[in-house]
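The values are calculated or read from the model by the stated rules, or taken from the named source; none is laboratory data. What you see is a predicted model; the values in this text were computed from it and never measured. Cβ placement follows ideal geometry from the backbone for every residue including glycine, while neighbour counts extend to all protein chains displayed.
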Amino acid sequence: MKILFVTTHIFLSEPLGAMMLMAICKNGGHETKLINASRGDLSQNVREWNPDVIAYSTISADIHIVKQQDHNIRETFANGGKKIFRIMGGPHPTYCPEIIDEMELDAICQGDGDRALPTVLNRLEKGESLEGIPNIALSSAGAEKQE
Ligand code: B12
C-alpha cells in the first residue's frame with residue numbers, strides 16, 4: 001500500500017515518530033512518502049502520488065495546520081474521487097481523541113504506533129476488520145470501510 005505521512009514544522013529535530021513508522025512500513029513491503037503540512041497546499045501532492053492511506057503525525061500546537069490541509073484534501077476528492085483511509089497518531093490524538101469526530105478521521109492511534117500501524121495496514125490490505133487492535137480507535141466510518 002502507499003502510505004503518505006504528513007507532519008508539521010520540522011522543529012529542531014527530525015520527526016522521529018513518523019520516521020520510525022515509515023521504516024516499519026517499508027520493512028512490511030509498503031511504499032511511503034513524507035510531506036510537511038506547513039508548506040503550501042498538499043492537495044496537489046496527494047492527487048499526484050495517489051496514496052491509499054494518509055497518516056497524520058500531529059502535536060496539538062499544529063493541529064490547525066493539519067485540519068486546514070485535511071479540509072483541502074477532502075474537497076479535492078469530494079466528487080467521486082478515490083476513498084483514502086485517513087489515520088492520525090502522535091500526541092494530539094493521544095491526548096485529544098475527540099479529533100476523530102472533529103475531522104471525521106477513519107482511525108486514530110493513541111500512544112505507540114509501531115505495532116498498531118502495521119497491523120492496521122495488513123488488515124486493510126486483506127479487507128479484514130480493524131476492530132480490536134491495541135491503541136487504535138475507529139470511527140464508525142473507518143469500521144464500515146472494510147466491509
Ligand atoms: C523530543 C521532544 C521535543 C523536541 C523535538 C520535537 C520534534 N519536532 O520532534 C523539542 C525540544 C524541539 C520539542 C519541542 C516542543 N514540544 Co516536545 N516533546 C518531545 C518528547 C520528549 C519526545 C518526542 C519524540 O520524539 N518521541 C519519540 C517518537 C518515536 O515518538 P512519537 O513521535 O510520539 O511517535 C510515536 C507515537 O506517537 C505514534 N505516532 C506518531 N505519529 C503517528 C502517526 C500515525 C499515523 C500513527 C498510527 C502513530 C503515530 O507512533 C510513534 C511510535 O510509537 C515528547 C514527550 C514524549 N515523551 O513523547 C514531547 C512533546 C511531544 N512535546 C510537546 C510540546 C508541547 C512541545 C512544544 C510545543 C513546546 C513549546 N511550548 O514550545 C514544542 C513544539 C515543537 C514542534 N513544533 O515540533 C508535547 C505535545 C503535547 C501535545 N498535546 O501535542 C509532548 C507530548 C510533551 C508533553 N507531554 O506535553 N519537543
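The figures follow:
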{"item": "Any hit, segment 87-103, residues being of a type in the set (A, V, I, L, M, F, W, C), modelled with pLDDT of 95 or more and over 14 Å from the mean Cα position of the chain (by Cα)", "result": "yes"}
{"item": "Tally of residues being closer than 18 Å to His30 by Cα, surrounded by 13 or more Cβ atoms within 10 Å (Cβ to Cβ) and touching a residue at least 40 places away in the same chain (Cβ under 8 Å) across segment 50-86", "result": "8"}
{"item": "Residue that is modelled with the lowest pLDDT [pool: residues in segment 8-59 that are within 8 Å of the ligand (Cβ to nearest atom) and among the hydroxyl-bearing types (Ser, Thr, Tyr)]", "result": "Ser13"}
{"item": "Test: residue in segment 66-83 that is in contact with a Ser or Thr (Cβ under 7 Å, 6 or more places away or on another chain) and within 14 Å of the ligand (Cβ to nearest atom)", "result": "yes"}
{"item": "Enumeration of residues in segment 101-121 that are within 12 Å of the ligand (Cβ to nearest atom) and among the hydrophobic types (A, V, I, L, M, F, W, C)", "result": "Leu105, Ala107, Ile108, Cys109, Ala116, Leu117, Val120, Leu121"}
{"item": "Pick from segment 74-112, criterion touching a Leu at 6+ places or on another chain (Cβ under 6 Å) and of a type in the set (A, V, I, L, M), ranking: farthest from Glu125 (Cα to Cα)", "result": "Met88"}
{"item": "Selection from segment 108-147 of residues that are in a loop (DSSP other than H, G, I, E, B) and modelled with pLDDT under 95", "result": "Ser139, Lys145, Gln146, Glu147"}
{"item": "Single residue of Gly40, Gly29, Gly17 found to be farther than 19 Å from Ile100 by Cα and surrounded by 15 or more Cβ atoms within 10 Å (Cβ to Cβ)", "result": "Gly17"}
{"item": "Residues of segment 87-100 satisfying the condition of being more than 9 Å from the ligand (Cβ to nearest atom) and either aliphatic (A, V, I, L, M) or within 16 Å of Glu131 (Cα to Cα) (or both)", "result": "Ile99, Ile100"}
